[in-house]
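Everything below concerns the one structure shown next.
The values are calculated or read from the model by the stated rules, or taken from the named source; none is laboratory data. Bear in mind that the values here come from a model prediction, so they are computed numbers and not experimental data. Here the Cβ is made from the backbone with ideal geometry for all residues, glycine too, and neighbour counts use every protein chain on show.
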Amino acid sequence: MLQLVRTTSENPDFRALVQLLDQDLAARDGAEHSFYAQYNTIAQLNHVVVAYLGSEPVGCGAFKPYAADAVEVKRMFVQPAHRGQGVAQAVLAELEKWAGELGYTSCVLETGKRQPEAIGLYERVGYGRIPNYGQYVGIENSVCMQKTIGERRK
């Protein structure tokens, strides 16, 4: 049974999964990887979810504040042997729930055109494409997306 654990970027299982994610992205993004890597540091991420099957860490994701009412989803990854089993969707749902509990009303994220499975997941769970934001403006490979997750608290 899948267990989701809320933690921080200090979690050693999260750090190990992120190393695998970075290897995967380096292979997909090639020469563009260093551009993206500078925006994907994990120092001081205070909102991290690690998914476990038994004692094995199989997936992860995180978010960080983006705007007063929005968070940016970062570092989504599922080990290849566990893809297609709902792990990423469970991690993402937990991140959205946590952000909503903290009063945020939307999530934004950036993924790449070379990650069609990620784009498919995000579209299936209600993310829509938006103009590229911040450092991703003008970056041909970037796909930026957004989802409303709740209503602003009064």
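A few remarks follow.
- In the set (1) free of Cβ contacts under 8 Å to residues at least 12 places away in the same chain; (2) within 15 Å of Leu121 (Cβ to Cβ), the condition left unmet by Cys60 is number (1).
- Residues that are at pLDDT 95 or above, touching a Leu at 6+ places or on another chain (Cβ under 6 Å) and among the small types (Gly, Ala, Ser) number at least 1 in the following strands (runs of 3 or more DSSP E) confined to the stretch 1-71: 47-53, 56-67.
- Qualifying positions in the stretch 85-118 - β-branched (Val, Ile, Thr), touching a strand residue (DSSP E or B) at 6+ places or on another chain (Cβ under 6 Å) and outside any strand (DSSP E or B): Val87, Val91
- Selection status of Ala99, among the aliphatic types (A, V, I, L, M) and within 22 Å of Glu10 (Cβ to Cβ): yes
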